[in-house]
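Comments concern the structure below.
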Amino acid sequence: MRVAVAGGTGLTGQQVVRVLTAAGHEPVVLSRARGVDLVSGAGLDAALVGAGAVIDVSNVTTTRAAVARTFFEAATRNLLTAEERAGVSHHVVLSIVGSDRVDFGYYEGKRRQEELVRTGPVPWTVLRATQFHEFVGQVLARTRGPIAVVPRMLSQPIAVHEVAEALVALVSGPPLGLAPELAGPGEESLVEQARQLLRVRGQHRWVLPVRLPGAGARQMAEGGLLPTTPGPRGKQTFAQWLDEQSSRAPRRS
């Protein structure tokens, strides 16, 4: 099956393309580098010719609600409209466990994305997954210098390749609506994850745990991003992922 991947050049998208190819599908990457702009809609009609399904893992890097809503509203509307014209029969979108109950700016965009998919013209599946193992590295990169500011937060991290495998399995089947929540094998403290990753990297930084202001930060600290319903669980633990990083990354001070 010809499957278009929105956000196919990103962290998740590259894994989705790899898994699709291994499964015998024909992936089509929707990205600006390939002449497709999700926000303006340019190039979508041509890219979706012959596509039977779409996997949307597109993303915007922001914590601001207005920016997230603007991106996800435009990208999702354009995708769904173009999919309807092309006769696409299944739209699969990656969302986030807890985004429906945690009051955080970025999640407002994800909630709007889900709403548009649910009420749109294309049969759909929404998969909510927990944070990837890579999330802690992204948090550490937000601050420089000897002090790493890390918010107090509980998560159940999962390997990105396991999320990609789940998305491809879903796109190969019938639309499910809201799929069971996908999470990693165990709960982790983001602060402890940060300390462990810094040790593996050989970086000497002091981790400063902080409780960010606002209801959303309190909800995340109290487990608002943990799964609350039964569903599939990943196999790779955070410790196993750290072992992989230790064998790959050069050590530096």
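Scan segment 44-74 residue by residue and report those that are of a type outside the set (Asp, Glu), more than 13 Å from Lys110 (Cα to Cα), in contact (Cβ under 8 Å) with a residue 40 or more places away in the chain and not in a loop (DSSP other than H, G, I, E, B).
Ala47, Ala53, Val54, Ile55 - these are the residues of segment 44-74 that are of a type outside the set (Asp, Glu), more than 13 Å from Lys110 (Cα to Cα), in contact (Cβ under 8 Å) with a residue 40 or more places away in the chain and not in a loop (DSSP other than H, G, I, E, B).
Does any residue of segment 33-43 turn out to be assigned to a helix (DSSP H, G or I) and either at pLDDT 95 or above or under 16 Å from Phe72 (Cα atoms) (or both)?
Scanning segment 33-43, I find no residue that is assigned to a helix (DSSP H, G or I) and either at pLDDT 95 or above or under 16 Å from Phe72 (Cα atoms) (or both), so the answer is no.
So which residues in segment 175-208 are closer than 18 Å to Arg144 by Cβ, surrounded by 13 or more Cβ atoms within 10 Å (Cβ to Cβ) and not aliphatic (A, V, I, L, M)?
Across segment 175-208, the qualifying residues are Arg195, Arg201, Gln203, Arg205.
Can you name the condition, by its number, that Gly216 falls short on among (1) touching a residue at least 12 places away in the same chain (Cβ under 8 Å); (2) in a helix (DSSP H, G or I); (3) closer than 26 Å to Trp241 by Cα?
(3)
Here's the yes/no breakdown for (1) within 16 Å of Val36 (Cβ to Cβ); (2) part of a helix (DSSP H, G or I); (3) at pLDDT below 95:
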position	(1), (2), (3)
Thr76	yes, yes, no
Leu79	yes, yes, no
Ala82	yes, yes, no
Val88	yes, no, no
Ser95	no, no, no
Val102	no, no, yes
Tyr106	no, yes, yes
Lys110	no, yes, no
Val117	no, yes, no
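Condition test on Ala166, is it open to solvent by less than 20 Å² (accessible area, probe 1.4 Å), touching a strand residue (DSSP E or B) at 6+ places or on another chain (Cβ under 9 Å) and either closer than 23 Å to Gly10 by Cβ or modelled with pLDDT under 95 (or both)?
No, not satisfied.
Select from segment 12-45 the residues that are open to solvent by 80 Å² or more (accessible area, probe 1.4 Å) and hydrophobic (A, V, I, L, M, F, W, C) and write down the one among them that is nearest to Pro123 (Cα to Cα).
Ala22
The values are calculated or read from the model by the stated rules, or taken from the named source; none is laboratory data. In this text the structure is predicted, and so the values were computed from the model without any measurement. Cβ sites come from the backbone with ideal geometry, for glycine too, and all protein chains shown count toward neighbours. Just the protein is used for accessible areas: all its heavy atoms, side chains included, with ligands, DNA and RNA removed. Shrake-Rupley method; radii C 1.70, N 1.55, O 1.52, S 1.80 Å.
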